[in-house]
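Read through the structure below, which is laid out as structure tokens, and then see the notes.
A short reminder: the numbers here are calculations on the coordinates, not readings from a lab. In this text the structure is predicted, and so the values were computed from the model without any measurement. We place every Cβ from the backbone using ideal geometry, glycine too, and count neighbours over all the protein chains shown.
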Amino acid sequence: MNAAAVESLTSQQARKELKYLVSEIARHNELYHGQDAPEISDGDFDAMKRRKHAIETHFPFLATAAVATDKVGAAPRREFAKINHARPMLSLDNCFTGEDVGDFVDRIRKFLNLSDDVELDFTAEPKIDGLSMSLRYENGRLVSGATRGDGEIGEDVTANIRTIADIPATLPRHLNIPAVLEVRGEVYMSKAEFYRINAELEAAGKEQKANPRNTAAGSLRQLDPSVTAKRKLNFFAYAWGEVSEMPADTQEGMIEFFRACGFKVNPYTRRVSANDLLTLYERVGEDRASLEYDIDGVVYKVNRIDLQERLGFKSTTPRWATAHKYPAERATTVLESIDIQVGRTGALSPVARVTPVNVGGVMVSNITLHNEDYIAGFDAKGVPIRGGKDLRIGDTITIYRAGDVIPQVGDVILEKRPATAEKYRFPTKCPVCDSEAIRGVDKDGKQLSVRRCTGDLVCSNQALETLTHVVAKDCLDIDGLGEKQITYFFNDVDLPVRNVADIFTLPDRDAALGSILKTRPGYKETSVAKLFAAIEARKVIALDRAIFAMGIRQVGSSTSKAIAKHFETWAAVKSAFERIAEGDPEAIADLTQINDLGDAVADAVRSFFSQAGNRAIIEQFTRLVTIKDAVKASSNSPVSGLTIVFTGSFERMSRDEAKAMGERLGAKVAGSVSKKTHIVIAGKDAGGKLAQAKDLGIRTLDEAQWFELIGG
Ligand code: IVH
């Protein structure tokens with residue numbers, strides 16, 4: 001991050017940044033705990049929290065506004081039954097440096113008023129990157145398992161945790177087990193299991209998981225326990241909740257007791273004196289990459305439980321424990337090339353090919369570079385990243401993986417940049433089909449960070465995606481031609497279907513080849529006849545479905561309906577689309593004001609019809625089918641065929657209802673006043689549009705006059 005020093009912030013700036021941090025921390029917290037889908041690394045998240053803390057320390061009068069971010073985790077999901085934790089499940093404070101650890105020990109000594117000659121023992125153990133779990137045993141039997149949830153109320157995942165081999169269903173009788181015993185610890189997934197699942201997903205062509213932690217969380221939160229059972233999860237015991245009679249008086253003793261009960265406890269767990277905390281931290285750190293599971297730090301806990309009780313808790317963290325975090329795992333490598341991949345939606349995604357390097361136990365050779373702004377050194381908001389340094393082929397870069405297995409670029413080492421390295425030029429043509437690749441704008445007119453291929457129909461990477469929409473129920477809806485069959489024809493050499501026009505030429509092409517389809521596996525004479533009859537039946541098609549079937553991005557079912565209703569005939573739609581492709585502002589305005597469709601639709605139409613390849617396919621498609629005009633609205637109403645504008649607020653109807661009423665009566669209801677407007681109906685507090693109407697000499701009506709006119 002390239003943030004200004006906290007000391008140099010004005011209180012105004014500090015307030016603004018704090019507000020931003022609070023909302024971002026809450027958002028990332030929900031993504032991580034609530035949705036198991038983090039967007040940033042743990043390291044970045046911690047950095048955000050540290051920054052927030054630093055601002056609060058420097059500007060104490062701002063601190064109260066931010067309390068909400070101290071809450072742990074996210075509220076429980078709705079689908080699971082809830083379990084009230086008998087004792088709250090807490091979080092841990094973090095230490096990042098040896099100095100922080102020294103402060104932690106000093107704070108404890110001071111709080112307990114210990115003189116220098118009194119020994120203070122701790123336990124130290126790895127901080128497992130999984131999810132915390134509270135297991136409740138009553139009379140030695142497992143009765144429930146609950147996630148942390150928001151710390152007070154968790155999710156009841158009892159059925160799921162019963163499938164985890166490391167969690168005993170009953171505890172050995174001879175051990176004098178307390179009547180109530182809540183064992184707490186971490187459910188986690190080994191790296192090996194994570195890779196196995198990802199390999200399976202990859203083979204099935206599905207999206208891979210980001211990291212073991214989130215995969216574990218997702219597996220545990222399955223509503224169907226048989227799904228959980230298919231994924232191997234593990235458990236380490238390290239803490240407790242309600243316990244009717246304590247079986248030991250030290251942390252170490254409790255861990256020993258858990259081990260005797262049959263739980264797995266982490267083999268690195270040690271009792272250490274305050275002076276040896278860092279030694280253990282370093283030793284575990286050396287082994288970190290080769291461990292079978294992800295860890296992100298070492299947890300230190302005061303060993304004596306009576307001292308833990310005296311020390312007690314702050315709002316959500318104990319005073320007697322802390323997590324000493326490891327920095328994200330980093331490595332240095334060379335950016336050898338940048339490949340551009342084209343996704344099924346046409347997005348051009350840059351991927352860095354780097355000299356293979358080991359980052360914390362994982363070999364990395366590809367790294368996502370997100371988009372062209374990212375390569376140029378800016379984030380989605382235009383804020384510099386890596387201090388604004390761009391990425392060039394030949395650059396030496398640091399890469400890191402924090403909680404995530406997905407590696408990221410950390411920094412560019414400018415001193416090592418070869419003199420010949422040039423600024424990377426992001427392609428403006430699609431590497432698959434050579435069509436123009438452009439950056440659109442969002443509905444506020446802001447340029448999008450993603451560049452997309454405009455060859456919607458001719459680009460093989462996008463064509464299949466488009467076709468699956470085209471054959472769906474709300475579009476062509478051809479019996480016997482669903483996603484599975486269209487994928488089959490898409491890849492077929494003899495009878496390829498690569499675009500909407502190909503669907504309608506399929507019967508003739510099959511006949512020309514001597515009716516080969518009926519000899520194919522899965523097809524018989526009757527099923528082929530049925531399929532071709534179904535295709536034939538769609539050769540007469542409603543205007544809205546025809547527009548939808550063209551596969552223009554942003555133009556789905558409801559947008560197509562609105563466009564069809566507005567233009568009524570294919571000839572009118574076609575001429576409007578062609579004018580939009582030429583950039584005719586009037587045609588663009590005419591389209592965007594239909595139901596407030598917006599610039600994104602106009603943009604998509606423009607880019608689609610600017611491509612000769614797309615135009616040729618639409619030309620062919622519209623010759624093959626007969627497109628029915630949209631049903632004409634009633635023509636005997638007094639406003640039929642007129643363009644009307646509603647403005648202000650009405651008493652007898654909402655604006656939406658007014659609009660629907662106008663359309664039902666055959667009027668074109670526009671969103672803004674122009675020379676083409678016939679009537680402006682002004683409700684209460686009508687402002688600019690009414691004034692404009694008066695200026696242009698357009699007929700204006702109030703609400704009562706409107707109802708009088710239409711006889712309502
Ligand atoms: S002790 C009252 N020990 O870290 C203290 N937590 O940031 C309770 N964690 O919610 C936590 N390994 O999910 C403790 N050896 C360990 C841990 C550990 C992982 C997790 C746990 C906790 C979170 C706190």
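In terms of its Cα atoms, region 141-269 spans 52, 30, 27 Å along the principal axes, sorted from long to short. Taking the square roots of five times each eigenvalue of the Cα gyration tensor of region 534-666, the equivalent ellipsoid has semi-axes of 28, 19, 12 Å, listed largest first. What you get for the chain, charging only the Cβ of Lys and Arg (+1) and of Asp and Glu (-1), is a dipole of about 1440 debye around the Cα centre. Relative to the dominant Cα principal axis of the chain, helix 570-581 is inclined by about 60°.
For region 327-442, with the dipole built from +1 on Lys and Arg beta-carbon atoms and -1 on Asp and Glu ones, taken about the Cα centre, which of GLY440, VAL383, VAL359 lies farthest toward the positive end? So the residue furthest toward the plus end is VAL359. If amide H atoms are built 1.01 Å from N in the plane of the peptide, which residues on other chains or at least 5 residues away come under 5 Å of the amide H of ILE295? It is ASP129, by chain and number. The C-alpha atoms of the chain define a longest principal axis, and helix 42-58 lies at about 80 degrees to it. Once backbone amide H atoms are built at 1.01 Å from N, PHE59 has no partners under 5 Å, excluding neighbours fewer than 5 places away on the same chain.
Placing +1 on the Cβ of every Lys and Arg and -1 on the Cβ of every Asp and Glu, with no other charges, gives region 169-271 a dipole of roughly 400 debye about its Cα centre. Between the listed residues LEU120, TRP240, SER649, the Cα displaced farthest toward the positive end of the dipole of the chain, a dipole computed from Cβ unit charges relative to the Cα centre, is found at SER649. Between region 518-534 and region 165-226, the C-alpha centres lie 47 angstrom from each other. Over the Cα atoms of the chain, what is the Rg over Rh ratio if Rh follows Kirkwood? Rg/Rh: 1.05.
Isolated cysteines of the chain, defined as having no other cysteine beta carbon under 4.7 Å away, are CYS95, CYS261, CYS475.
Computed from the C-beta positions of GLU586 and ALA37, the FRET efficiency with R₀ = 51 Å rounds to 0.70. Report the Cα centroid-to-centroid distance between region 658-687 and region 92-125 in angstrom, as an integer. Their Cα centres are 72 Å away from one another.
Would you be so kind as to identify which of VAL143, PRO178, SER219 lies farthest towards the positive end of the dipole of the chain, taking Lys and Arg as +1 and Asp and Glu as -1 on Cβ and the Cα centre as origin? Comparing the listed Cα positions along the dipole, SER219 ranks first. In order along region 543-551, the phi-based Karplus estimate (6.51 cos²θ - 1.76 cosθ + 1.60, θ = phi - 60°) of 3J(HN,Hα) comes to 4, 5, 5, 5, 5, 4, 5, 5, x Hz; Gly and Pro are listed as x. Between ALA204 and ARG417, the C-beta separation translates, for a Förster distance of 41 Å, into a calculated FRET efficiency of about 0.50. Averaging Cα coordinates gives a centre for region 325-387 and one for region 542-586; these two points are 39 Å apart. The stretch between HIS58 and VAL441, if pulled fully straight at 0.36 nm per residue, gains 133.9 nm over its current Cα-Cα span.
With semi-axes defined as the square roots of five times the eigenvalues of the C-alpha gyration tensor, the equivalent ellipsoid of region 350-470 measures 29, 18, 15 Å, largest first. Per-residue 3J(HN,Hα) values for region 420-426, derived from phi via the Karplus relation 6.51 cos²θ - 1.76 cosθ + 1.60 with θ = phi - 60°, read 7, 5, 10, 4, 6, 9, 6 Hz in sequence order (x marks Gly and Pro).
Take the Cβ-Cβ distance between ASP224 and SER349 as r, set R0 to 41 Å, and report the resulting FRET efficiency rounded to the nearest 0.05. Given R0 = 41 Å and the Cβ-Cβ separation, E is 0.75.
Our coupling estimate for region 4-17, obtained by passing each phi through the Karplus curve with A = 6.51, B = -1.76, C = 1.60 and θ = phi - 60°, is 5, 4, 4, 4, 8, 6, 7, 5, 4, 4, 4, 4, 5, 5 Hz, Gly and Pro reported as x. Note on SER460 and LYS16: their simple-model spin labels are 5.1 nm apart, each label 7 Å out from Cα toward Cβ. Quick one: helix 191-203 against the long Cα principal axis of the chain, what's the angle to the nearest 10°, folded into 0 to 90? With rounding to tens, the tilt is 10 degrees. Report the Stokes-Einstein translational diffusion coefficient (µm² s⁻¹, integer) for region 525-568, Rh taken as the Kirkwood radius over Cα pairs, at 25 °C with viscosity 0.890 mPa s. Taking Rh from Cα pairs, D becomes 210 µm²/s. Remark on ARG162: its backbone amide H falls under 5 Å from none of the residues 5 or more positions apart or on other chains, H modelled at 1.01 Å from N.
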